[in-house]
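Scroll down for the structure; my scribbles are underneath it.
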Amino acid sequence: MIEGGDIVWSGQFGEEPKDITSGAVRHDYGDDLILPGFIDGHAHYPQTGVIASFGTQLLEWLEKYTFPEESLFSDLNYAREKASLFLDLLLSNGTTTAAVYCTVHRESAEAFFEEATSRNLRMIAGKVLMDRNAPLTVMDTALSGYEDTKSLIEKWHGRGRNLYAVTPRFAPTSTPEQLEACGALISEFDDVYLQTHVAENLDEIKWVADLFPNAASYQDVYAHYKMIGPRSLYGHAIHMDDADLAMAAETQTKFVHCPTSNLFMGSGLFDLNRVWKAGIDVMLGCDVGGGTSLSPFATMKAAYEIAQQAGFSLTPEVAFWLSTAGGAETLSLGDKIGRLEPGYEADIVVLNLKSTPIIQQRVERAESLRDILFAQMILADDRAIRAVYTSGNRIKAKQKITNGRDREQAR
Ligand SMILES: [Zn+2]
């Protein structure tokens, strides 16, 4: 039961209390699976256009594909068009919350928050900060980056459902002065997030060691500038030593595992079980455009396949939890989104569990809910998304409803 954008009751069909159902409109999805909307911990909306770019690893990929595309986002109208496309793609894949990188241009963040607001979405985003080692068209300065970020926080953080993340791209493209400004921003505004990349690629790690010779490790650079902590989201974190993991656990720093990106870019294999054993909260991210799909199913599948390489089998229960309630907890939003319980924001996805013939035949022989969920995470895509609700409003399902079950019944 949804009222005013929030869930007011949840439970078994037919057991709903009469006093709150009078006058309600029923949306009947038969035996489809109703879940909290999916949550993605790491994506770059301006890179939607460079997804599936051939033949490079991280540093060359940035130079050749990403920076030229990101340079276009100084144009507010271009940024709006791409933000709109990205959010529609996210929603059509069932993802209702994401932590998103914009570009260095203030306009890119304005456009994203405007589009997220017009859809009433709970989104986390921030203007990228980069003041060295990049083309001039995608650079700010330590001062302008600080001032733009500060005024964007004041304008957007906590406005509607928007949340702000201070977003330095990664240590190699920020001067020590800029990293210091990032640390200052998160201490000045203690409930904003920080998101960046760490230890993704071996050449990148060597570069960081050259640029910051006094740091004990890549993560130690960020620690030095007071950028780690419970609201700091570190993308990738593949090549971390035991001291790094101990530091992350002690400071409650969060990791975002981006498996399709790590495979596509040849970055390395994240050891989920090792990171968990170290006591670190992890969530999943698509990392588009380094990642190859906006579908949470594709991300879960790749996480499963990478874990298998280390002899660890990621269960579908845990994979779905990471993409809903667990992801919400990692984002410190565990009391607002990620569960279908009274008081939670009504971001909901409805899954057709038999969306293609191959899934249908697998589900028909399933012996448990685990089997059914596992078939989805390995085989499903956006065709499985029957409907999406954000803040209680149904976003029209893109695919044609053919079995007539998706009807509304006025009571
Ligand atoms: Zn990324």
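The values are calculated or read from the model by the stated rules, or taken from the named source; none is laboratory data. Computed from a predicted model, the values in this text were never measured in an experiment. FYI the Cβ positions are ideal-geometry reconstructions off the backbone, even for glycines, and counts take in every protein chain you see.
A few comments on the model shown:
- Residue in region 228-236 that is assigned to a loop (DSSP other than H, G, I, E, B), hydrophobic (A, V, I, L, M, F, W, C), without any contact (Cβ under 8 Å) to a residue 60 or more places away in the chain and under 16 Å from L331 (Cα atoms) present: yes
- Candidate set from region 348-371 (those that are touching a residue at least 24 places away in the same chain (Cβ under 8 Å) and touching a helix residue (DSSP H, G or I) at 6+ places or on another chain (Cβ under 7 Å)); member that is surrounded by the fewest Cβ atoms within 10 Å (Cβ to Cβ): R370
Residues are listed down the side, and each one gets a yes or a no for (1) out of contact with any helix residue (DSSP H, G or I) (no Cβ under 7 Å at 6 or more places or on another chain); (2) under 30 Å from D190 (Cβ atoms); (3) of a type in the set (D, E, K, R); (4) in contact (Cβ under 8 Å) with a residue 24 or more places away in the chain:
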position	(1), (2), (3), (4)
V256	yes, yes, no, yes
R274	yes, no, yes, yes
T292	no, no, no, yes
M300	no, no, no, yes
A310	no, no, no, yes
A319	no, no, no, yes
S323	no, yes, no, yes
T330	yes, yes, no, yes
E341	yes, yes, yes, yes
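- Extreme residue, nearest to the ligand (Cβ to nearest atom), among residues of region 23-58 that are more than 22 Å from the chain's Cα centre (by Cα) and of a type in the set (V, I, T): T56
- Checked against (1) in contact with a strand residue (DSSP E or B) (Cβ under 6 Å, 6 or more places away or on another chain); (2) within 16 Å of the ligand (Cβ to nearest atom); (3) more than 20 Å from V318 (Cβ to Cβ), T253 passes all but condition (2).
- Scope region 199-223; condition assigned to a helix (DSSP H, G or I) and touching a residue at least 40 places away in the same chain (Cβ under 8 Å); matching residues: L202, D203, E204, W207, L211, Y218, V221, Y222
- Within region 1-115, strands (runs of 3 or more DSSP E) holding 1 or more residues that are at pLDDT below 95 and either out of contact with any Gly (no Cβ under 9 Å at 6 or more places or on another chain) or surrounded by fewer than 16 Cβ atoms within 10 Å (Cβ to Cβ) (or both): 25-27
- Residue, farthest from the ligand (Cβ to nearest atom), within region 260-292, restricted to residues that are part of a helix (DSSP H, G or I) and β-branched (V, I, T): V275
Results for (1) crowded, with 22+ Cβ neighbours inside 10 Å; (2) among the aliphatic types (A, V, I, L, M); (3) farther than 26 Å from I385 by Cβ, shown as yes or no for each residue.
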{"site": "D271", "(1), (2), (3)": "no, no, yes"}
{"site": "I280", "(1), (2), (3)": "yes, yes, yes"}
{"site": "S295", "(1), (2), (3)": "yes, no, no"}
{"site": "A298", "(1), (2), (3)": "no, yes, no"}
{"site": "A302", "(1), (2), (3)": "yes, yes, no"}
{"site": "I306", "(1), (2), (3)": "yes, yes, no"}
{"site": "F312", "(1), (2), (3)": "no, no, yes"}
{"site": "P316", "(1), (2), (3)": "no, no, no"}
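- Of G343, G327, G334, G291, all but one fail to be closer than 30 Å to R394 by Cα and touching a Gly at 6+ places or on another chain (Cβ under 7 Å); the exception is G327.
- Within region 240-254, the residues that satisfy the criterion of being assigned to a loop (DSSP other than H, G, I, E, B) and either crowded, with 20+ Cβ neighbours inside 10 Å or in contact (Cβ under 8 Å) with a residue 60 or more places away in the chain (or both) are M240, T253.
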